[in-house]
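The block underneath contains the structure these notes are about, expressed in structure tokens.
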């Protein structure tokens, strides 16, 4: 009987740990997407002259303020648009989450 209880407790612990890891990944995905969207919008505003400064520097600041790290930025004056990619770390052994966004097209 004791072995069964220990086995069931182990299974419950594993399930709770897995659900916690998936929850962290979902939150990191949402955070990365929000940071990428806001950074792309800010960079596109700078490209179009609605904000002062260099578009990719502004995108980097906005991404960092929203919990992300800007990993790629392309601002196009001819198309009046900006493309950004933002990384967010997930606590634990899971890899970084990368989200991309385009604004201004």
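Cβ contacts < 8 Å: first residue within 16 Å of residue 93 (Cα to Cα), restricted to segment 1-27; second residue modelled with pLDDT of 90 or more and surrounded by 10 or more Cβ atoms within 10 Å (Cβ to Cβ), any location; separation 6+ or different chain. Result?
Matching pairs, first to second residue: 25/97.
Looking at 75, 85, can you tell me which residue is in contact with a strand residue (DSSP E or B) (Cβ under 6 Å, 6 or more places away or on another chain), over 24 Å from residue 27 (Cβ atoms) and either in a strand (DSSP E or B) or touching a residue at least 60 places away in the same chain (Cβ under 8 Å) (or both)? Reasoning before the result, please.
Values: 85 fails: over 24 Å from residue 27 (Cβ atoms).
Result of the check over 75, 85: 75.
Can you find even one residue in segment 31-41 that is part of a strand (DSSP E or B), touching a strand residue (DSSP E or B) at 6+ places or on another chain (Cβ under 9 Å) and surrounded by fewer than 19 Cβ atoms within 10 Å (Cβ to Cβ)? First the steps, then the outcome.
Narrowing segment 31-41 to residues part of a strand (DSSP E or B): none.
Looking through segment 31-41, none of the residues is part of a strand (DSSP E or B), touching a strand residue (DSSP E or B) at 6+ places or on another chain (Cβ under 9 Å) and surrounded by fewer than 19 Cβ atoms within 10 Å (Cβ to Cβ).
Collect the residues in segment 88-99 that are part of a strand (DSSP E or B) and in contact with a helix residue (DSSP H, G or I) (Cβ under 6 Å, 6 or more places away or on another chain), keeping them in residue-number order.
Here is the first cut: in segment 88-99, the ones part of a strand (DSSP E or B) are 88, 97-99.
Of everything in segment 88-99, those that are part of a strand (DSSP E or B) and in contact with a helix residue (DSSP H, G or I) (Cβ under 6 Å, 6 or more places away or on another chain) turn out to be 88, 97, 99.
Does residue 62 meet the test of being surrounded by 15 or more Cβ atoms within 10 Å (Cβ to Cβ) and either modelled with pLDDT under 95 or more than 11 Å from the chain's Cα centre (by Cα) (or both)?
Taking the combined requirement at face value, the residue satisfies it.
The values are calculated or read from the model by the stated rules, or taken from the named source; none is laboratory data. This is a predicted model, so every value here is computed, not measured. As a convention, Cβ positions derive from the backbone with ideal geometry for all residues, glycine included, and neighbour counts pool all protein chains shown.
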